[in-house]
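Below is one structure, written out as structure tokens; comments come after it.
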Amino acid sequence: MGNGHPSLGHCISACNCTDAVGYKDTCMLLIAMHDIEPWDCRALIKEKLQKQAELSKRSPLRNIYVEDGMAFFRLETTTLLNQFSASLSRDQFVLGCQTLLAKRGVALSDSDVRDLYDVFDSMDYDKNGMLSTGEWAAGLSVFFRGHIDRVVHSVFNVIDRNHNGTLQRWELKEYLSPFVKAMTPPDADPLRPMLLDKAVDELYTQMKLNKLSDITSEEMLAWTRRGYNIIDFLCKIIEKEVYQLWLEHSKKNHPHKWNQWHKQGDWHTHAYNKDRPMMPTYSQRGAYGYANPQVTQQFGTQGLPFMQPQTQSGGIFGQSSMF
């Protein structure tokens, strides 16, 4: 990938130029200008997912019901900066956890406190030292206890910013933003606004069953029960979009090289690399076409919408899985 100027993509999105130029042409222009190539989204967040799976088994937060934990942090962020969109710093998060656990009579060892700092780091997807609403709402659902229905409704209540009982596109966009950023390498930053808009549109369409209203918590729960989770969903959207646009750009602007790739006959059945435009088949990449079998088995394919790795079933987690 080449070095890009991220401000261009953000300016194009902010001024709604994609409406005039077209989504496809805008993305292809940015791919050409910044020499952007396909990438493996899951590889960018795999370490954090693995860390969350490990921490969820021993974190003291497993003693807190998800409704109580989410409600506490929702109030905590409001109290901190008098605005619900407040982000949490590392120390603010750990102090909040200590306060919550103390109220529930949970004693903490030094090791538990260190784990709480590690929990923060595992949820800081964009590595900016702060947890956005999306990051802590999605991440904490991994560590609190509760059945799938409770988790979905609790997370829904957090991201329903205007408290009207439905999710609008702007609320989904704010929520998904840190995940799209985490799944996009720095060199591809100019594409992030368009990829985020694409993901929001696709997710909104998939979840929405009642065409006359915005997304309800029951629709989010139904989406989850159909086997979807946000990590696989975003990987599929981002990788597929970037790959197909890059492939078309290569075919149009490098026809001789394209012909050479095409004659080899296997350009569509292998992993990405910088020398060939190769797209894995769905059967080769596992669930939704974007998770290899080992990763799919480890993290599950039926997690909650804003998933992260599954917890172990049984014990205090019951049958809960993660956003």
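Legend: calculated FRET efficiency, T78 to Y204, from the Cβ-Cβ distance at R0 = 30 Å, rounded to 0.05, equals 0.70.
Of the solvent-accessible surface of the stretch 137-184, computed with a 1.4 Å probe and all protein chains present, 46% belongs to carbon and sulfur.
At a probe radius of 1.4 angstrom, the accessible area of the stretch 82-140 per residue rounds to 42 square angstrom. Our estimate of slack between S111 and L212, defined as 0.36 nm per intervening residue step minus the Cα-Cα distance, is 31.3 nm. Within straight-line reach of K103, meaning a Cα separation under 26 Å, sit the following lysines at least 8 residues removed in sequence or on another chain: K57. The stretch between R104 and R58, if pulled fully straight at 0.36 nm per residue, gains 14.9 nm over its current Cα-Cα span.
If we sort 23-35, 122-134 on the protection proxy, mean other Cβ atoms within 10 Å, highest first, what's the order? Could you put the intermediate results ahead of the total?
Values: 23-35: 17.7, 122-134: 20.2.
In decreasing order of mean packing, 23-35, 122-134 become 122-134, 23-35.
Subtracting the Cα-Cα distance of Q168 and A32 from their residue separation scaled by 0.36 nm leaves 45.7 nm. Counting only residues at least eight positions apart within a chain, or on another chain, the aspartates and glutamates with an alpha carbon under 20 Å from that of K48 are D40, D91, D112, D115, D118, D121, D124, D126, E135, D232, E239. Other residues whose C-beta falls under 15 angstrom from the C-beta of D110 contribute a net charge of -1, scoring Lys and Arg +1 and Asp and Glu -1.
The values are calculated or read from the model by the stated rules, or taken from the named source; none is laboratory data. Keep in mind that this is a model prediction, so the values were computed, not measured. Cβ coordinates were reconstructed from backbone atoms using ideal geometry, including for glycine residues, and neighbour counts include every protein chain displayed. These accessible areas exclude ligands, DNA and RNA; they are computed on the full protein's heavy atoms, side chains included. Shrake-Rupley method; radii C 1.70, N 1.55, O 1.52, S 1.80 Å.
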